[in-house]
Amino acid sequence: MYEQISHSLLNEILSELEPNIHERRQELQHFYTRLGANFYAIHNLFELLYGQRDDFKYQMTRLVETLVKKYMNRSRKLKELDLAREKDHNWFLSQQWVGMALYSAGFAGNLHNLAEKTAYFQELGVNLVHIMPILKCPVGKSDGGYAVSNFREIDDRVGSLSDLQLIADEFSKRDILLVLDVVLNHTSEEHEWAQKAMAGDKKYQDYYYIFDNREIPDMFEQSMPEVFPESSPGNFTWNEAMQKWVMTVFHDYQWDLNYSNPAVFIEMLDVILFWINQGADVIRLDAVAFLWKKMGTTCQNEREAHLLLQLMKDCCQVAAPGTLFIAEAIVAPVEIIKYFGEDAIIAKECEIAYNATLMALLWDAVATQNVKLLHQGLKSLPDKLERATWLNYVRCHDDIGLGFDDADIVAAGYEPFAHRRFLIEFYTGNYPSSFASGAPFMRNGKTGDARISGSLASLAGLEKATRTGNEQEIAAAIDKILLLHNLILSFGGIPLLYYGDEIATFNDYSYLNDPEKSGDSRWIHRPKIDWERAELRKKQGTIEYTLFTALKKMISIRKETAAFADFNNRYLVDTDNEHLFGFIRFDHHRPSERILVLSNFSTEPQFLDLQTLAHTGFGSSGQLTDLYSGKRPTIEDDKLILQPFQFYWLNEY
Ligand code: GLC
């Protein structure tokens with residue numbers, strides 16, 4: 001019955017579309033097939049979200065119109081790519097993909113120069129590049145580009161649309177995927193919609209959450225946590241011009257969009273499709289956990305936020321099915337996984353999600369030299385959907401939040417509050433024996449909570465070791481950096497390197513002298529690449545050379561190792577040694593081809609008793625070889641030996 005309603009509604013909508021769309025029926029063949037296949041779901045979701053509204057049918061028609069127009073604007077080349085990717089729908093699960101996230105200004109000065117740096121990505125083996133926000137945003141109140149004042153215009157400080165075109169062409173020639181951001185949850189207060197709202201335009205006031213007095217904001221506040229408690233406490237900001245309160249969950253200049261208004265959904269869908277049509281292969285959807293606000297809740301991870309993402313996905317399946325979504329949801333482990341959707345086919349959301357759980361657990365293991373919590377936390381992580389994959393990373397442009405589960409901390413034998421406190425002290429350099437030079441981010445006086453900023457090299461101890469010139473500590477810090485990369489490259493998913501980490505970039509303290517940045521310690525790890533120093537990657541004996549060469553080698557081995565593709569083909573291994581983290585990856589076509597990944601987080605040599613692997617049968621059918629060094633591992637008395645911070649990628653030949 002419901003299907004019939006959706007069929008007849010679709011027929012009505014199609015007959016009402018503008019005549020020029022009908023004239024081009026022939027070229028819309030694939031569009032109509034996809035619309036037919038997805039419309040039932042689209043209608044269903046749109047109805048769940050907006051069915052109670054008088055203008056439901058009008059908005060539904062506008063949604064279909066948006067899809068058809070954007071499809072018609074899509075280039076022939078991109079449409080062909082859509083068809084090819086539909087045929088090979090698991091294409092992104094391959095081990096071939098290795099990513100890097102970067103700020104174009106920090107990496108190359110601007111977009112034009114970035115286009116000229118493609119050879120650098122190829123040299124390292126990177127073939128997915130996330131260019132962080134490039135859209136117009138106010139000077140100062142930019143949140144690193146996440147406060148957008150125009151969703152269709154590139155900020156002239158980094159370049160123009162034609163520069164981006166150049167990059168898209170260059171990347172596509174070299175099989176490099178382009179990832180762009182769409183900041184879905186909010187706009188800058190300088191965005192045209194916010195400006196119109198401020199001027200009293202009711203239509204645009206309905207694009208945001210705007211209230212006459214504190215009554216409703218106060219009710220919301222009772223259950224809403226604070227994202228930036230130090231620099232932007234609270235979730236609402238008084239606006240003088242309107243004499244009203246605006247919901248601003250992040251900074252006071254970032255106005256939350258109101259997705260209970262379907263016009264907002266359609267506008268933002270149009271924005272996503274606009275960038276997809278400019279050649280983005282992947283769209284990073286920022287802050288997706290926050291999309292739906294409901295009084296009495298934390299206003300995060302609401303069911304409707306998931307429905308919105310399912311709807312976005314279904315719509316993009318119709319207009320541009322070759323593109324992928326990355327969910328940026330830095331939330332509790334069991335919540336993150338939900339952003340893949342409930343089902344890979346009928347309720348799909350984002351194909352890729354940030355593995356914030358793994359990231360935080362890795363930093364725990366580095367500080368404690370112990371893998372109890374890492375093992376426990378990953379054991380508790382439910383299997384993700386098929387046809388979905390993780391983005392595995394060690395550092396990114398944001399802070400490190402210690403978002404692991406309290407129950408896991410307890411199961412690992414720690415007390416949650418004290419343990420988190422230890423980690424914060426450790427990484428912000430206040431713990432006596434700590435090697436890390438990090439900075440606290442957003443200390444919350446009310447909860448005692450804080451997060452951590454700092455570049456990978458500085459957090460791993462290289463900055464301090466270089467300052468004191470201690471060769472042994474320098475070597476240990478480099479080994480730690482490689483140890484962490486070994487895991488994001490082998491765990492299963494797309495590894496995402498962070499620009500500068502491949503040449504050991506230290507903290508950049510210059511942000512402290514800039515009043516617009518000094519209140520946000522994340523700027524400490526958003527560096528400007530020193531290309532003269534980067535040249536040292538070619539000079540043997542330098543830190544840059546050691547790191548870059550090792551990463552390059554790891555990346556190329558990863559690409560040749562089918563077991564590293566992501567088909568949920570991993571199981572954790574209990575190493576019976578608290579310093580050794582282990583898992584087995586197997587080739588999902590040939591399950592007997594297995595790789596044992598072993599990582600020693602300790603400053604001391606450690607061993608794995610091969611008997612503990614007996615139940616897996618690993619190692620019983622042949623001799624072990626380490627893919628990374630190409631050598632046999634050290635085995636004494638049936639015990640595998642790992643030097644401090646050493647890792648193995650062992651196969652059984
Ligand atoms: C995302 C971004 C972060 C930004 C926030 C608000 O989490 O990664 O940098 O501050 O969204 O837009």
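The values are calculated or read from the model by the stated rules, or taken from the named source; none is laboratory data. Only a predicted model underlies this, so the values are computations on that prediction, with no experimental measurement involved. Cβ: placed from backbone, ideal geometry, glycine included. Neighbour counts: every protein chain shown. Surface areas here come from the heavy atoms of the whole protein model, side chains and all, with no ligands, DNA or RNA. Shrake-Rupley method; radii C 1.70, N 1.55, O 1.52, S 1.80 Å.
Outside the structural domain of Arg594 (by TED's automatic domain parsing), within 16 Å of the ligand (Cβ to nearest atom) and open to solvent by 10 Å² or more (accessible area, probe 1.4 Å) - does that describe any residue in the range 528-543?
Taking the range 528-543 as the starting set, the residues that turn out to be outside the structural domain of Arg594 (by TED's automatic domain parsing) are 528-543.
Adding the requirement that they be within 16 Å of the ligand (Cβ to nearest atom) leaves none.
Taking every residue of the range 528-543 in turn, none turns out to be outside the structural domain of Arg594 (by TED's automatic domain parsing), within 16 Å of the ligand (Cβ to nearest atom) and open to solvent by 10 Å² or more (accessible area, probe 1.4 Å).
Has the range 538-551 got at least one residue that is assigned to a helix (DSSP H, G or I), free of Cβ contacts under 8 Å to residues at least 12 places away in the same chain and among the aromatic types (Phe, Trp, Tyr)? Let's see the steps before the verdict.
Going residue by residue through the range 538-551, those that are assigned to a helix (DSSP H, G or I) are 538, 543-551.
Cutting the leftovers down to free of Cβ contacts under 8 Å to residues at least 12 places away in the same chain gives us 538, 545.
Now narrow it down to the ones that are among the aromatic types (Phe, Trp, Tyr): 545.
So far as the range 538-551 goes, yes, one or more of its residues are assigned to a helix (DSSP H, G or I), free of Cβ contacts under 8 Å to residues at least 12 places away in the same chain and among the aromatic types (Phe, Trp, Tyr).
Open to solvent by 40 Å² or more (accessible area, probe 1.4 Å) and more than 24 Å from Gly429 (Cα to Cα): is that true of Ser510 in this structure?
Numbers: open to solvent by 40 Å² or more (accessible area, probe 1.4 Å): yes; more than 24 Å from Gly429 (Cα to Cα): no.
Taking the combined requirement at face value, the residue does not satisfy it.
Out of curiosity, is Ala353 open to solvent by less than 10 Å² (accessible area, probe 1.4 Å), within 16 Å of the ligand (Cβ to nearest atom) and either part of a helix (DSSP H, G or I) or within 20 Å of Leu572 (Cβ to Cβ) (or both)? So that I can check it myself, show each step before the final result.
Working: open to solvent by less than 10 Å² (accessible area, probe 1.4 Å): yes; within 16 Å of the ligand (Cβ to nearest atom): yes; either part of a helix (DSSP H, G or I) or within 20 Å of Leu572 (Cβ to Cβ) (or both): yes.
Yes; evaluated as a whole, the condition is true for this residue.
Only one of Gln310, Gln300, Gln254 is more than 30 Å from Ala199 (Cβ to Cβ), of a type in the set (S, T, N, Q) and within 15 Å of the ligand (Cβ to nearest atom); which?
Numbers: Gln310 fails: within 15 Å of the ligand (Cβ to nearest atom); Gln254 fails: more than 30 Å from Ala199 (Cβ to Cβ).
Only one candidate qualifies: Gln300.
Taking the range 430-473 as the region of interest, how many residues are surrounded by 14 or more Cβ atoms within 10 Å (Cβ to Cβ), within 27 Å of the chain's Cα centre (by Cα) and not aliphatic (A, V, I, L, M)?
As a first pass, look at the range 430-473 and keep what is surrounded by 14 or more Cβ atoms within 10 Å (Cβ to Cβ): 431, 434-444, 449-466, 470, 473.
Okay, now just the ones that are also within 27 Å of the chain's Cα centre (by Cα), so 436-444, 449-463.
Subset that is not aliphatic (A, V, I, L, M): 437-438, 440-441, 443-444, 449, 451, 453-455, 458, 461, 463.
Adding up the residues that qualify gives 14.
In the range 483-527, what residues are over 21 Å from the mean Cα position of the chain (by Cα), charged (D, E, K, R) and more than 16 Å from the ligand (Cβ to nearest atom)?
Asp508, Asp514
Kindly indicate the residue of the range 439-467 that is polar (S, T, N, Q) and modelled with pLDDT of 95 or more and also nearest to Asn600 (Cα to Cα) among those meeting that condition.
We begin by selecting, within the range 439-467, every residue polar (S, T, N, Q); these are 444, 447, 453, 455, 458, 466.
If we keep only those that are modelled with pLDDT of 95 or more too, we end up with 453, 455, 458, 466.
Working: Ser453: 25, Ser455: 22, Ser458: 20, Thr466: 23 Å.
Here the answer is Ser458.
Scan the range 475-489 and tell me whether some residue there is surrounded by fewer than 17 Cβ atoms within 10 Å (Cβ to Cβ) and not aromatic (Phe, Trp, Tyr).
yes
Which residues, counting only those in the range 135-151, are under 22 Å from the mean Cα position of the chain (by Cα) and either among the aromatic types (Phe, Trp, Tyr) or more than 14 Å from the ligand (Cβ to nearest atom) (or both)?
Pass one, the range 135-151, residues under 22 Å from the mean Cα position of the chain (by Cα): 135-137, 142-148, 151.
Of everything in the range 135-151, those that are under 22 Å from the mean Cα position of the chain (by Cα) and either among the aromatic types (Phe, Trp, Tyr) or more than 14 Å from the ligand (Cβ to nearest atom) (or both) turn out to be Lys136, Tyr146, Phe151.
Condition first: part of a helix (DSSP H, G or I), within 16 Å of the ligand (Cβ to nearest atom) and not small (Gly, Ala, Ser). Can you find one or more residues in the range 316-330 that meet it? Before you say what the answer is, go through the steps one by one.
First, pick out the residues of the range 316-330 that are part of a helix (DSSP H, G or I): 316-319.
Remaining after also requiring within 16 Å of the ligand (Cβ to nearest atom): none.
Within the range 316-330, none of the residues are part of a helix (DSSP H, G or I), within 16 Å of the ligand (Cβ to nearest atom) and not small (Gly, Ala, Ser).
So, of the residues in the range 171-190 that are of a type outside the set (A, V, I, L, M) and within 13 Å of the ligand (Cβ to nearest atom), which turns out to be nearest to the chain's Cα centre (by Cα)? Spell out the reasoning first.
Here is the first cut: in the range 171-190, the ones of a type outside the set (A, V, I, L, M) are 171-175, 181, 185-190.
Filter again for within 13 Å of the ligand (Cβ to nearest atom), leaving 181, 185-188.
On the way: Asp181: 10, Asn185: 15, His186: 18, Thr187: 20, Ser188: 22 Å.
Looking at residues that are of a type outside the set (A, V, I, L, M) and within 13 Å of the ligand (Cβ to nearest atom), I get Asp181.
Taking only pairs six or more apart or across chains, which ones have beta-carbon atoms under 7 Å, a first residue in the range 173-187 that is open to solvent by less than 10 Å² (accessible area, probe 1.4 Å) and in a strand (DSSP E or B), and a second residue that is within 16 Å of the ligand (Cβ to nearest atom) and of a type in the set (Gly, Ala, Ser)?
Matching pairs, first to second residue: Thr187/Ala194.
Under 6 Å by Cβ, and 6 or more places apart or on different chains, what pairs join a residue from the range 214-231 that is assigned to a loop (DSSP other than H, G, I, E, B) with one that is surrounded by 18 or more Cβ atoms within 10 Å (Cβ to Cβ)?
Met224/Asn235; Met224/Cys299; Val227/Val249; Val227/Phe250; Phe228/Met442; Pro229/Met442; Glu230/Met442
When Gly200 is evaluated against the numbered criteria (1) open to solvent by 40 Å² or more (accessible area, probe 1.4 Å); (2) touching a strand residue (DSSP E or B) at 6+ places or on another chain (Cβ under 8 Å); (3) not charged (D, E, K, R), which criterion, by number, is the only one it fails?
Condition not satisfied by Gly200: (2).
Restricting attention to the range 279-293, which residues are more than 10 Å from the ligand (Cβ to nearest atom) and open to solvent by 10 Å² or more (accessible area, probe 1.4 Å)?
Gly279, Asp281, Trp292, Lys293
Identify, by number, the condition in (1) in a helix (DSSP H, G or I); (2) over 15 Å from Ala319 (Cβ atoms); (3) at pLDDT 95 or above that Gln52 doesn't meet.
Among (1) in a helix (DSSP H, G or I); (2) over 15 Å from Ala319 (Cβ atoms); (3) at pLDDT 95 or above, the lone unmet condition for Gln52 is (1).
List the pairs whose first member sits in the range 416-429 and is free of Cβ contacts under 8 Å to residues at least 12 places away in the same chain, whose second member is assigned to a loop (DSSP other than H, G, I, E, B) and open to solvent by less than 10 Å² (accessible area, probe 1.4 Å), and whose Cβ atoms are under 7 Å apart, counting only residues at least 6 apart or on separate chains?
As it stands, the answer is Gly429/Ala436, since those pairs meet every condition given.
Looking at the range 362-373, can you tell me whether even one residue there is closer than 22 Å to Pro495 by Cα, open to solvent by 20 Å² or more (accessible area, probe 1.4 Å) and in contact (Cβ under 8 Å) with a residue 40 or more places away in the chain?
Scanning the range 362-373 turns up no residue that is closer than 22 Å to Pro495 by Cα, open to solvent by 20 Å² or more (accessible area, probe 1.4 Å) and in contact (Cβ under 8 Å) with a residue 40 or more places away in the chain.
Can you work out which of the residues in the range 377-388 that are under 28 Å from Leu642 (Cβ atoms) and open to solvent by less than 40 Å² (accessible area, probe 1.4 Å) is farthest from the ligand (Cβ to nearest atom)?
Leu378
Just name the residue that is farthest from Asp449 (Cα to Cα) out of those in the range 389-421 that are within 13 Å of the ligand (Cβ to nearest atom) and among the charged types (D, E, K, R). Show your work before the answer.
Step one: of the range 389-421, the residues within 13 Å of the ligand (Cβ to nearest atom) are 391, 393, 395-401, 403.
Filter once more, so that each one left must be among the charged types (D, E, K, R): 395, 398-399.
Numbers: Arg395: 20, Asp398: 16, Asp399: 13 Å.
Only one residue tops the list, namely Arg395.
If I ask for residues that are away from the ligand (no atom under 16 Å from the Cβ) and in contact with a helix residue (DSSP H, G or I) (Cβ under 9 Å, 6 or more places away or on another chain), which ones from the range 339-350 would you list?
Within the range 339-350, Gly341, Glu342, Ile346, Ala347, Lys348, Glu349 meet the criteria.
Run down Asp163, Asp155 and say which single residue is farther than 19 Å from Met100 by Cα, among the charged types (D, E, K, R) and within 16 Å of the ligand (Cβ to nearest atom).
Values: Asp163 fails: within 16 Å of the ligand (Cβ to nearest atom).
Going through Asp163, Asp155 in turn, the sole match is Asp155.
Residues that are touching a strand residue (DSSP E or B) at 6+ places or on another chain (Cβ under 8 Å) and farther than 22 Å from Ser510 by Cβ, at least 1 per element: which helices (runs of 4 or more DSSP H) completely within the range 85-170 meet that? Lay out the reasoning, then the answer.
Values: elements: 104-108, 111-115, 118-124.
Result: 111-115, 118-124.
I need a count of the residues in the range 38-71 that are of a type in the set (A, V, I, L, M) and either open to solvent by 80 Å² or more (accessible area, probe 1.4 Å) or farther than 19 Å from Gln310 by Cα (or both). Full working, then the answer.
Filtering the range 38-71 for residues of a type in the set (A, V, I, L, M) gives 41-42, 45, 48-49, 60, 63-64, 67-68.
Adding the requirement that they be either open to solvent by 80 Å² or more (accessible area, probe 1.4 Å) or farther than 19 Å from Gln310 by Cα (or both) leaves 48.
Total satisfying the criteria: 1.
Given the conditions (1) buried (at least 23 other Cβ atoms within 10 Å of the Cβ); (2) without any contact (Cβ under 8 Å) to a residue 24 or more places away in the chain; (3) more than 16 Å from the ligand (Cβ to nearest atom), which single one is not true for Ile336?
(3)
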